[in-house]
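Trainee: Supplied in structure tokens, the structure appears directly below.
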Amino acid sequence: MSASSAGFPAGSAELRLDPVARLGRLASGTAAIARVELQKLRHDNLDILTRSVQPLLWLFVFGTALQHARSLNGGYGDYRAYIAPGVMAQAALFVAIFYGLAVIWERDLGQLQRLLATPLPRLGIVLGKGSGASVRAIVQAIVLFAVLAIAGIGIHWSLLGVLGSLVLLAIGTAAFACLSMVLAAVVKTRERFMGIGQLVAMPLFFASSALYPLALLPVWLRAIARVNPLTYEVEGMRRMLLSLPVGDALWIDFAVSIAFLAVFAGLAARLYPRAIL
């Protein structure tokens, strides 16, 4: 027996590879649930179309009404271009925040019990469902991008900017979907969840920079907006789509969004089995 082999107990190679194996199992579980969510999306084209109407109303009705309000456009010029990232994030927020309804629905149908009986990691289930919400948000954003191009609304069209904004949108949407699953694990009825979802979504939206610069907010509301993860998602998308000065701020926007996703994905994975009780 060599010295190197004598220095490790039996089975140590498996133990050393165990984190890699767990990571592979997590990735395969996430991909499996994501495929299921994508199959649901393929049969839900009408829902995607109707949900795409809401951000268009915000953009062309609200945005056009206040188009010449110089104090609201953040110095960019066209208020509709300024709120376009916020409108995308808002539409994705409302998709994600009610994603927990699917958990309650699956529990009532008995599907959740069967899903939790599989060997899939709980975190993989949560991330897979969050990926489904992200894909819906990306489809809505692509529709809105097409409308912006047709209407000639002056965002900065660059490949990195568009792709980067979609990535940040996907991260933020998955994070809010995980938050929704945490609520679904605690709230047991669809009716109560709907009320709580509205109570969570509306303050998140209005206490952010989605519709107006933070400088216009009173000090107390600005402090709330600074700890609102939606603010960082919107600001990051705005920097990339409007070609605003970036500096280190863009990395902070991504870091906050990723940290928000990590915290609530872990919490949802821990609470997810309680959803069937």
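The values are calculated or read from the model by the stated rules, or taken from the named source; none is laboratory data. Quantities reported herein were computed from a predicted structural model and do not represent experimental measurements. With ideal geometry, Cβ positions are generated from the backbone for all residues, glycine too; neighbour counts draw on all protein chains shown.
Trainee: With the stretch 91-151 as the region, which helices (runs of 4 or more DSSP H) entirely inside it contain at least 3 residues that are within 21 Å of LEU261 (Cα to Cα) and modelled with pLDDT of 90 or more?
Mentor: The qualifying helices (runs of 4 or more DSSP H) are 122-151.
Trainee: I've got another one for you. Return yes or no: is LEU166 in a helix (DSSP H, G or I) and in contact (Cβ under 8 Å) with a residue 60 or more places away in the chain? Don't jump to the end; show me each part of the working.
Mentor: Values: in a helix (DSSP H, G or I): yes; in contact (Cβ under 8 Å) with a residue 60 or more places away in the chain: no.
Spelling it out, it is not the case that LEU166 is in a helix (DSSP H, G or I) and in contact (Cβ under 8 Å) with a residue 60 or more places away in the chain.
Trainee: OK, next. Select from the stretch 209-259 the residues that are loosely packed, with under 14 Cβ neighbours inside 10 Å and either touching a strand residue (DSSP E or B) at 6+ places or on another chain (Cβ under 7 Å) or aromatic (Phe, Trp, Tyr) (or both) and write down the one among them that is nearest to ALA84 (Cα to Cα).
Mentor: Per the criteria, the residue is TRP251.
Trainee: Before we move on, is ILE276 in contact with a helix residue (DSSP H, G or I) (Cβ under 6 Å, 6 or more places away or on another chain) and modelled with pLDDT under 85? Break it down into steps so the answer makes sense when it comes.
Mentor: Values: in contact with a helix residue (DSSP H, G or I) (Cβ under 6 Å, 6 or more places away or on another chain): yes; modelled with pLDDT under 85: yes.
In short, yes.
Trainee: Determine if the stretch 17-36 includes at least one residue that is at pLDDT 75 or above and within 27 Å of LEU241 (Cβ to Cβ).
Mentor: Yes, the stretch 17-36 contains at least one residue that is at pLDDT 75 or above and within 27 Å of LEU241 (Cβ to Cβ).
Trainee: Any chance the stretch 253-263 includes a residue that's polar (S, T, N, Q) and over 22 Å from VAL126 (Cβ atoms)?
Mentor: For the stretch 253-263, residues polar (S, T, N, Q) and over 22 Å from VAL126 (Cβ atoms): absent.
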